[in-house]
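Encoded as structure tokens, the structure appears first; notes follow it.
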Amino acid sequence: MCDKLTMGISSDSSVDDRWSKDLAHELVDMIVKRLCLFDSISCTAVCSSWRLVWKRRFGNQFPFILRSFPYQSYYSLYSPGEDRATNNLRFPKGVLVDCHGTASYCSGSYGSWLIIAEHSQHPKSARSYFFNPLSCARIALPPHSNPSFFVRDDETDWDEKFIVKTVASSDPTDPNCIVAALTIHSHTLAFCRLNDASWTLQHDTPVEGGFGFTDLHFHEGELYATVGRMIDAVQMFDPIEVLSQTQCGSDEADAFKGKKLWVEPLPHHTMRDPSFSLITSSSGEMLLVFKDERKWKNDTEEFSFLVLRCTVDKTIRIMGMNLLKYEERNGIGEQAIFIGDIGAETLIAMAKPTNSMPVIDKLGGHGSGNCIYFTNGKDDRIGVYNLADRTLKYPLTGGHQQAHSKVWFTPKLS
């Protein structure tokens, strides 16, 4: 499978297009439409004209959903744009799986790359790596060798994820890429570069109530880490500073490098126990998105969302801290937000949703921009919440396969 996906395209243009140059793009598109997901990717190796058809069809579409399953080394991909799934796909060989541990699972994503974490109990070992499920390319990260990675609360079983969420500052093909991870011990963050020998750890003290870090997000070169279930605090890190202060021969930073921000009170809302996540929008704004779910006695569900624009005002200092300000947003224009479930939510913004995908016909106009797409933890349906009229629909099945974790990512061959 992977050999087919990584085949190159002939550099001889006379050979490349001699049989297909006069073939109508519409005809090629009809062929690609009838292929399964991976066969349609393989056809890009035929020639440049076929590759262009694939790019037109998949280059500006909804993200895919990767679904992983507990104690299993396989996963599935679901394309909302095509409303079809490809199941029983295998993670790269060599995954760490035993009856007491957890098979590979996705702890984050960046563009077309997934960030996979895996661990084993006997012996205790763990690793993470970037993985492109379309090209099968893999980029290794430093091993999780520090015992702090395996420190957990007494009531936490080993089959829980030892990495709750992983984020990257840029594409992993960028030599300046920095990765940050939120560990199962929620008061510990880990930082690394791709070629580092080990991760650099940052330990924080619990806030009142004992809550630790709850979400991570890179924005304009800084890492923002929320603290507490209702954002009691936000810590801002300069990752270069964290990594440069590591003692020689140690993976512990000299001191805690987080800079605490003074957080404005959240706008009045009626949410009881919402999940939330930070995201950088397509226009470059940092947004904070809340999702609240309520279940009633008749088994009906009610979802509500709150979108806030976040800015750090460095001209205002309160008790020595810069001010983090909120501004409620009633809409996000042509953008769309996609919410999955990797501990803290994972969101991706689309610059300009396309109206040419089959899913738009099924949505009946309830979709495209100014909407929030989210996976449902109860089943595999995909909800679409329209921010303009505050209505909710479930137009997509999600592929009819219940999963342990669902992660959105943008498909790309490399």
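The values are calculated or read from the model by the stated rules, or taken from the named source; none is laboratory data. Quick caveat, the model's predicted, so the values are computed rather than measured. Cβ sites come from the backbone with ideal geometry, for glycine too, and all protein chains shown count toward neighbours. The accessibility values were calculated without ligands, DNA or RNA, using every heavy atom of the protein model including side chains. Shrake-Rupley method; radii C 1.70, N 1.55, O 1.52, S 1.80 Å.
Going by average Cβ neighbours within 10 Å, how do the peptides 384-395, 127-138 rank, with the highest at the top? Let's see the in-between values first.
On the way: 384-395: 15.3, 127-138: 20.0.
Taking the mean over residues of other Cβ atoms within 10 Å, the ranking is 127-138, 384-395.
Rounded to the nearest 0.05, the FRET efficiency derived from the C-beta distance between residue 260 and residue 34 at R0 = 60 Å is 0.60. Each peptide in 406-412, 172-178, 312-318, 236-242 gets a packing score, the mean of other Cβ atoms within 10 Å over its residues, and the list from highest to lowest is 406-412, 236-242, 172-178, 312-318. Approximating the spin labels as points 7 Å out from Cα along Cα→Cβ, the residue 27-to-residue 330 distance works out to 5.3 nm.
State the extension gain, in nm to one decimal, for the chain segment bounded by residue 314 and residue 90, taking 0.36 nm per residue of separation less the distance between their alpha-carbons. Don't jump to the answer; show the numbers that get you there.
Values: separation 224, 0.36 × 224 = 80.64 nm, distance 4.75 nm.
Fully extending the segment from residue 314 to residue 90 adds 75.9 nm.
Sorting 118, 301 by accessible area puts them as 301, 118; the probe is 1.4 Å, largest comes first, and only protein heavy atoms count.
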